[in-house]
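**Student:** Quick one: this structure, given as structure tokens, is what I'll be asking you about.
The values are calculated or read from the model by the stated rules, or taken from the named source; none is laboratory data. Just so we're clear, the structure is a prediction, and the values are computed from it rather than from any experiment. Cβ atoms come from the backbone with ideal geometry, glycine included; neighbour counts cover every protein chain shown. SASA here: full protein model, heavy atoms, side chains in, ligands and nucleic acids out. Shrake-Rupley method; radii C 1.70, N 1.55, O 1.52, S 1.80 Å.
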Amino acid sequence: MRTAFVRTLVDLAAQDPRIALLTGDLGFMAIEPFIERFPDRFYNVGVAEQNLVGIATGLAESGYLPFIYSIAPFATLRPYEFIRNGPVLHHLPVRIVGIGGGFEYATAGPTHFALEDIAVMRALPGLAVIAPADYQQAASALAQTWNLPGPIYYRVGKDDKTTVPGLHGKFALGATQRVRDGDDLLFLATGSIASEVVAAADLLADCGIEAAVHVVASIVPSPSAELADLLSHYSLALTVETHTREGGLGSLVAEVIAEHRTGARLVRCGVAPGSNGRLGSTAYMHRVHGLDRDGLVKRVLSARVECGA
């Protein structure tokens, strides 16, 4: 997604001289198109994420639209207080771009996992949180939201090839995107794991179970009313995310169910606590936590038995 995101950012920067890009000494082999086109609007502040946010806050206060680019845990957790005290409390248009949600930097170890970022960022009032599912949606999401008045967190994946079947780059702020119909159960997915969710739904169809799949890329503002309506039509719903089960999409949907009393049985598919020292590829980590297509099929079959279906 990052290549499509940067390419779209370059196009936008050609139209709006307020756009600037800042990095914490990484992103190379991805952000060069911006650097080459707009060298006077690019700043490498070094490995100093708090300064990164501080400089971006000053630029935003001076009339710029600064984009901060870093690996997701470094973009969110290291400078968290600076994000809250700067762009959030002062309602400034700082754009935080976190690359590699979930296990996309899996072999780098737990310090590089982004498993709590949605939870902490959606807790900040007035901060939009957007987690595209593929590179086409990443480009659409940026094109539609770059000029919002307040701060934004974009959770952007590394994969520039995989697309989610049926998504076709669709995005709308505060809405979900339906990518597959089904009457038996509902999948709600956020981020790049959505492609595995669609694959799981296809496998379930071979078993005679028709699962609907909706992508939730707009976490904040949340599509609460739409989710409440969707959930009222299903007795079983599963949220899928490369994030802890607490605080992310699963918690958002649980809140909707509680507040709207939809009665749907919710199964939150996310990352279990503790890594147990097991490390490997992104696909391996998804498999360990039951987030690959086969693991999701097993979870659905188990949940249906529990529900008496």
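**Student:** Sort through F103, F82 and tell me the only one that's farther than 29 Å from D206 by Cβ and out of contact with any Pro (no Cβ under 6 Å at 6 or more places or on another chain).
**Tutor:** On the way: F103 fails: farther than 29 Å from D206 by Cβ.
After applying the criteria, what remains is F82.
**Student:** For V300, all conditions in the list (1) hydrophobic (A, V, I, L, M, F, W, C); (2) open to solvent by 40 Å² or more (accessible area, probe 1.4 Å); (3) touching a helix residue (DSSP H, G or I) at 6+ places or on another chain (Cβ under 7 Å) hold save one; what is the number of the exception?
**Tutor:** Here V300 clears every test but (2).
**Student:** Kindly indicate which of L203, L173 is in contact with a Ser or Thr (Cβ under 8 Å, 6 or more places away or on another chain) and open to solvent by 20 Å² or more (accessible area, probe 1.4 Å). Spell out the reasoning first.
**Tutor:** Numbers: L203 fails: in contact with a Ser or Thr (Cβ under 8 Å, 6 or more places away or on another chain).
Going through L203, L173 in turn, the sole match is L173.
**Student:** Which residue pairs have Cβ atoms under 8 Å apart, sit 6 or more places apart or on different chains, and have a first residue in the stretch 2-31 that is outside any loop (DSSP other than H, G, I, E, B) and a second that is modelled with pLDDT under 95 and among the basic types (K, R)?
**Tutor:** From the stretch 2-31, the pairs are R2/K158.
**Student:** While we're on this one: Scanning the stretch 32-62 for residues that are hydroxyl-bearing (S, T, Y) and not in a helix (DSSP H, G or I), which turns out farthest from the chain's Cα centre (by Cα)?
**Tutor:** At the first step, the residues of the stretch 32-62 found to be hydroxyl-bearing (S, T, Y) are 43, 57, 62.
From the residues that got through so far, the ones that are not in a helix (DSSP H, G or I) too are 43, 62.
Values: Y43: 25, S62: 29 Å.
The selected residue is S62.
**Student:** I would also like to ask the following. Under 6 Å by Cβ, and 6 or more places apart or on different chains, what pairs join a residue from the stretch 58-79 that is closer than 19 Å to I130 by Cα with one that is open to solvent by 10 Å² or more (accessible area, probe 1.4 Å) and not small (G, A, S)?
**Tutor:** L65/R18; L65/P93; P66/L59; F74/E49; P79/E49; P79/Q50
**Student:** Let me ask you something else. Being aromatic (F, W, Y), free of Cβ contacts under 8 Å to residues at least 24 places away in the same chain, in contact with a helix residue (DSSP H, G or I) (Cβ under 6 Å, 6 or more places away or on another chain) and open to solvent by 30 Å² or more (accessible area, probe 1.4 Å) narrows it down to one residue among F42, F82; which is it?
**Tutor:** Numbers: F82 fails: free of Cβ contacts under 8 Å to residues at least 24 places away in the same chain.
Only one candidate qualifies: F42.
**Student:** So, in the stretch 20-36, of the ones that are modelled with pLDDT under 90 and on the phi > 0 side of the Ramachandran plot, which residue ends up least open to solvent (accessible area, probe 1.4 Å)?
**Tutor:** Here is the first cut: in the stretch 20-36, the ones modelled with pLDDT under 90 are 26-29.
Filter once more, keeping what is on the phi > 0 side of the Ramachandran plot: 27, 29.
Values: G27: 16, M29: 180 Å².
Applying the filter and picking the extreme gives G27.
**Student:** Of all residues in the stretch 102-155 being small (G, A, S), open to solvent by 10 Å² or more (accessible area, probe 1.4 Å) and in a helix (DSSP H, G or I), which is nearest to V88 (Cα to Cα)?
**Tutor:** The residue in question is A119.
**Student:** What number of residues within the stretch 63-77 are over 17 Å from the mean Cα position of the chain (by Cα) and either of a type outside the set (S, T, Y) or crowded, with 22+ Cβ neighbours inside 10 Å (or both)? Steps first, answer last, please.
**Tutor:** Restricting attention to the stretch 63-77, the residues satisfying the condition of being over 17 Å from the mean Cα position of the chain (by Cα) are 63-66.
Those left that are additionally either of a type outside the set (S, T, Y) or crowded, with 22+ Cβ neighbours inside 10 Å (or both): 63, 65-66.
Looking only at that region, the number is 3.
**Student:** Residues in the stretch 182-193 that are over 15 Å from P165 (Cα atoms) and not in a loop (DSSP other than H, G, I, E, B): how many?
**Tutor:** Residues meeting the conditions: 2.
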